[in-house]
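The values are calculated or read from the model by the stated rules, or taken from the named source; none is laboratory data. Since we're looking at a predicted model, the values are computed, not measured. Neighbour counts run over all protein chains shown; Cβ positions are idealised from the backbone, glycine included.
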């Protein structure tokens, strides 16, 4: 049995998939966002979804120093309101993306956590988003997650 167990190989992301199935509520906009970004060109989708929020220049995350903390807090609140009034589906997913972009940008640009989510939960979410994006977006999410690393 040990030999069989030792030879098991998990595809990349299997652990994350299993945790998501076991620990999260099905159909949450965050889960939908992560699943969507796994299936599509994440940078292009984010550019389209966030265009209405004036969050992007092209398909890149916020350029450094372009938004004040107050603007990011307003964007986060706008996304929350949009998400709470949106039916499940693309509108809720767009709002979720806007929310987490604002939260990550506040961490990256101002070193400030503007979400009431527990730090460990928020960090895990940012790392999940980093795991399904590439290049500049992956760096954007990972940089924000670093602000939430536990201190020893």
Can you name the residue in the stretch 51-72 that is touching a helix residue (DSSP H, G or I) at 6+ places or on another chain (Cβ under 6 Å) and either over 13 Å from residue 110 (Cα atoms) or at pLDDT below 75 (or both) and is also surrounded by the most Cβ atoms within 10 Å (Cβ to Cβ) among such residues? 61
Within the stretch 122-138, the residues that are touching a residue at least 40 places away in the same chain (Cβ under 8 Å) and either part of a helix (DSSP H, G or I) or under 13 Å from residue 97 (Cβ atoms) (or both) are 125, 128, 129, 131, 132, 133, 135, 136, 137
What do you reckon, is residue 102 at pLDDT below 95 and surrounded by 20 or more Cβ atoms within 10 Å (Cβ to Cβ)? yes
Among 81, 9, which is the only one that is farther than 19 Å from residue 132 by Cβ and modelled with pLDDT of 75 or more? 81
Residue pairs meeting the criteria (Cβ under 7 Å; at least 6 apart or on separate chains; first on the phi > 0 side of the Ramachandran plot and touching a residue at least 12 places away in the same chain (Cβ under 8 Å), in the stretch 64-75; second surrounded by 14 or more Cβ atoms within 10 Å (Cβ to Cβ) and not in a loop (DSSP other than H, G, I, E, B)): 65/109
